[in-house]
Structures are given as C-alpha cells and as structure tokens.
Amino acid sequence: MIIRQLAYLDALARERHFRKAAEACNVSQPTLSAAIAQLEREFGAQLVARGRRFEGLTREGEAVLAHARRVLAEVDAMGDALAELREGIGGRLTIGAVPTALPMIAGVTAPFLARYPGVALTILSQTSVEIQRGLDAFEIDVGLTYLDNEPLERVVSKPIYVEGYLLLTRADGPLASRDEIGWAEAARLRLCLLTPDMQNRRIVDGTFRSVGAAPVPVMETNSIFSLVSHAGVEGLASVVSEPVVDFIGLPAGVKALRLVKPMARRTVGLVAADRTHMPPLARKLFELARPLPPRRDGNGEATTKRR
C-alpha cells in the first residue's frame, strides 16, 4: 500500500488538483484523498496544505515527496530490470537536451537505437535548469547538457563533445576578409544572441565579461535556427556554437569567423541522476555513447559544406 500512497502523493504534487491527480492515477478522488490521509497518519505529519482547494504541500510534505520520488524511481528500475531478464531491452527512454545540443543528439542515440530497436525515445528541448529539475523529479532519464560551466548536482556524467564559438556575419560585409575576431571587438557589433534563460547565452556573456565587455544584443531568440538565419541580415551578426554550424551548415551569403582572445571551450555530455542502480535503459545509453569527433580540421575550418 505504501508504494501506491507515494504514487498518489507524487501525482497530486504534479497535477496540483485532487480530481486531476485521481484521474491520472485511474482512481476516484475519495480513494486518492483517503490514501494520502492514511499516509499522513502513518508518518504523523500533515503533508498537504488543505483549504477549499489544493494549496500545495507542507514542508514535511515536500520532504516526503523528495524521498517518495526516489522510491518510485527505484521501483520502476526494479521492474525494468526484471523485464530485461524476461524480455530483453525495451520500454521508453526520455532524454532532455539543451537546444544547442539537439543537432548533435542523433550521434548519441543512433548507436543505441541500432542495438536496441525495441526501445522508444522521447527527446525534449530543455534548459539546463529544466534538466536538473527533471532528473531530480525522475521525469527524465538522461540529460545532454554542459558539464563544466554550471555543473549539475547529484548526477553522474560522461563527456560527449567540446563546444567552441563562432561569429556569423554576411560574407559581403565589413568582415569579409577576416577569418577570426576577438571577443572584445565582436562586442561592438550589432549582435543576435540566445535568450538569457539558456546556458549557452550565459557562457557567451561570461566570455564577454572576461574581456571587459557587456554587449547589448539587438535581437534575442530561443531558436538556434533563428539565430543562424539572422546572421544573413545586413548589419547583424550572431554568436553560435561551432557544432551547431558544423551540423546545419551556413546560410547562403553568410560566413563564420572563429571567436578568439580567448578561445572559449565548454564540454557537453550525458548526465543521469546519481543513484545506487541506474535504470537499465539509461545505463545502456551511457555504455554505448562515445565522444563525438570534431567536425573541423586542424585549422578550425568546418568539414561540412555550406547549405
């Protein structure tokens, strides 16, 4: 019974409504309410703040919820392990990836899907903060995010690739004859950058600060493709990660300059909740994942062609 009670509490915390939580658990509202009340009696503490409607969890409720989610995740992992013994690898693996890593994620998932064709994947575009929250709440199994800028907590990790940075600008513009540009000089341009909620933007801002610059972008976007395409607008330039440009190529009439002084680099990799037993699917993904080779030659030139 305790497992079911914990599942009801988790559903209530997610849905924030007794009726909706009951529907999510396929039980009646009185059944769910009675089970949570019984849980409160067993722990000797009020877990849910009640009024005319759901008002949230108490401090004790939040503490129980954190443990409950770990217990429920371990129960799911136990079921997965037993299913693996009976039927082989199957089920669904949910991955959260920062937007700048989405173009590269197929390099991680392709070997996994080839080995385990019976597994279904869900891939979500998430910020690094959402990935941390999703891992803590066991809503995602694995993340693909930055490892060395704002390291996540309570995770195990595996490096996948190193990210550098480029300035994209019109090929017929004032920088047409250049192959590289310093961050301090780039700060004086009319820049398009990602929105501040994205860690890539915080990395870019931090690099600008390291050279005493604080540019005010003329455009912000949470779309990688919008960022790349606006580099073709006269008078604008975009700061983009090298792997993104290597994968999607450059729009017609746009060129890429290496951003130097400093030559900033950040590591992107897989992360999973640091648990006693990693769920089978997440474990298999970690085992099969290999570092992705750089798509640039020794001179820093893209190996992909302009598209």
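The values are calculated or read from the model by the stated rules, or taken from the named source; none is laboratory data. Please read all numbers here as calculations on a predicted model, not as lab measurements. A quick note on method: Cβ atoms are made from the backbone with ideal geometry, for glycine too, and the neighbour counts reach across all protein chains shown.
Structural remarks
- Criterion: closer than 24 Å to Ser157 by Cβ and at pLDDT 90 or above - qualifying residue of Val239, Val211, Val260, Val268: Val268
- Unmet criterion (only one of (1) without any contact (Cβ under 8 Å) to a residue 24 or more places away in the chain; (2) buried (at least 18 other Cβ atoms within 10 Å of the Cβ); (3) among the small types (Gly, Ala, Ser)) for Ala37: (2)
- Within region 10-59, considering residues that are touching a strand residue (DSSP E or B) at 6+ places or on another chain (Cβ under 8 Å) and aliphatic (A, V, I, L, M), the one farthest from Glu74 (Cα to Cα): Ala49
- Here Met278 passes the criteria (1) farther than 30 Å from Tyr116 by Cβ; (2) assigned by TED's automatic domain parsing to the domain that holds Gln126 except the one numbered (1).
- Cβ pairs under 8 Å, 6+ apart, first in region 215-244 and over 27 Å from Pro294 (Cβ atoms), second in a loop (DSSP other than H, G, I, E, B) and of a type in the set (Lys, Arg): Pro215/Arg188; Val218/Arg190; Gly235/Arg190; Leu236/Arg190
- In region 140-169, the residues that are out of contact with any helix residue (DSSP H, G or I) (no Cβ under 6 Å at 6 or more places or on another chain), modelled with pLDDT under 90 and under 23 Å from Ala77 (Cβ atoms): Glu153, Arg154
- Test: Pro251 is touching a helix residue (DSSP H, G or I) at 6+ places or on another chain (Cβ under 7 Å), farther than 26 Å from Thr122 by Cα and either aromatic (Phe, Trp, Tyr) or at pLDDT below 95 (or both): yes
- Qualifying residue in region 16-31 (condition: within 30 Å of Leu250 (Cβ to Cβ), part of a helix (DSSP H, G or I) and either of a type in the set (Asp, Glu) or touching a residue at least 12 places away in the same chain (Cβ under 8 Å) (or both)): no
- Residue selected from region 223-261 under the condition of a type outside the set (A, V, I, L, M) and under 16 Å from Asn200 (Cα atoms), by the criterion farthest from the chain's Cα centre (by Cα): Ser238
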